[in-house]
1. Going through region 67-110 one residue at a time, which ones are in a loop (DSSP other than H, G, I, E, B) and farther than 21 Å from LEU26 by Cα?
2. Restricting to region 11-24, count the residues that are open to solvent by less than 60 Å² (accessible area, probe 1.4 Å) and either among the charged types (D, E, K, R) or at pLDDT below 95 (or both).
3. Among the residues in region 71-89, are any buried (at least 21 other Cβ atoms within 10 Å of the Cβ) and of a type in the set (Val, Ile, Thr)?
4. Tell me which residues, restricted to region 27-56, are open to solvent by 50 Å² or more (accessible area, probe 1.4 Å) and either among the aliphatic types (A, V, I, L, M) or in contact with a strand residue (DSSP E or B) (Cβ under 8 Å, 6 or more places away or on another chain) (or both).
5. Just one of (1) closer than 25 Å to ARG98 by Cβ; (2) open to solvent by 50 Å² or more (accessible area, probe 1.4 Å); (3) of a type in the set (D, E, K, R); (4) out of contact with any helix residue (DSSP H, G or I) (no Cβ under 6 Å at 6 or more places or on another chain) trips up GLU62, so point out which.
Amino acid sequence: HTAAQYLLGSAYAGGLGTVKDEQKALYWFIKAYEHGNEKAALKLAKVLAAGQPGLAFQFALESAEKGQADAQLMVADCYAQALGAEQDDRQAIAWYQRAAEQGLPAAQLR
């Protein structure tokens, strides 16, 4: 039930109907990811961003390569700011452009 695992992770990540708990959010996002939920990779990246930027970048990149605009924006930011990846302005611009072409206003701005 990957959708339920994903939603439970989201509830714990945002404190929706429960106490906010990043460890439980991480647990449920990993479960959803392991069972093929494509959205879970981006959620994992967001939860891991502060403490494990390299791992967060890998999950974001996986989602970005599958066409998720929010993940493409996150990857671009990682390249632009050297967060879990080496700074690479060309890569940043390429990923911003991909996200912008999908209509993501933040990517268009950057």
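1. Across region 67-110, the qualifying residues are GLY67, ALA82, ALA85, GLU86, GLN87, ASP88, GLN102, GLY103, LEU104, ARG110.
2. 5
3. yes
4. ILE30, ALA50, LEU55
5. (4)
The values are calculated or read from the model by the stated rules, or taken from the named source; none is laboratory data. What you see is a predicted model, and the numbers here were worked out from it, not measured in a lab. Backbone-built Cβ (ideal geometry, glycine too); neighbour counts: all protein chains shown. The protein model used for the area step is the full one, side chains on, heavy atoms only, and it has no ligands, DNA or RNA in it. Shrake-Rupley method; radii C 1.70, N 1.55, O 1.52, S 1.80 Å.
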